[in-house]
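To start, the structure itself, in structure tokens.
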Amino acid sequence: MENDKNIPLVAPNHEVKILDRREIYLTGVKKIKSFDAEEFLLETTMGILLLKGSGLEILKLDTHDGNVRIKGKIDSYQYLENGKAKAKEESFMAKLFK
């Protein structure tokens, strides 16, 4: 039998479940880059995730499996490109001077 070390590993699944905007459950979390009561910055298998809200706190953290559960009022979550929020539309001035 050949060496199995050359077989690429499949990335763990990444899942986001939000319950009543009061709790969020995430899988596929590699690292929590920063957090406070209003913002979490998480590195996931699908990219950097920015979670915003108020009264946010970690309920459960499983570093081995990459599962995180956070409670608080959840206002938004967004995946970032290169650590910065991806602009969905160009500004009017940028379009004007193309």
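Counting only residues that are in a loop (DSSP other than H, G, I, E, B) and closer than 18 Å to residue 21 by Cβ, segment 39-72 holds 0 of them. For segment 25-38, a residue qualifies if it is in a strand (DSSP E or B) and more than 11 Å from the chain's Cα centre (by Cα), and the qualifying residues are 34, 35.
Looking only at segment 22-29, decide whether some residue is out of contact with any strand residue (DSSP E or B) (no Cβ under 6 Å at 6 or more places or on another chain) and at pLDDT 95 or above. Yes; the residues of segment 22-29 include at least one that is out of contact with any strand residue (DSSP E or B) (no Cβ under 6 Å at 6 or more places or on another chain) and at pLDDT 95 or above. Of all the residues in segment 20-59, those that are small (Gly, Ala, Ser) and more than 16 Å from residue 72 (Cβ to Cβ) number 2.
The values are calculated or read from the model by the stated rules, or taken from the named source; none is laboratory data. These figures come from a predicted structure and were not determined experimentally. Note: ideal-geometry Cβ built from the backbone for every residue, glycine included; neighbour counts use all protein chains shown.
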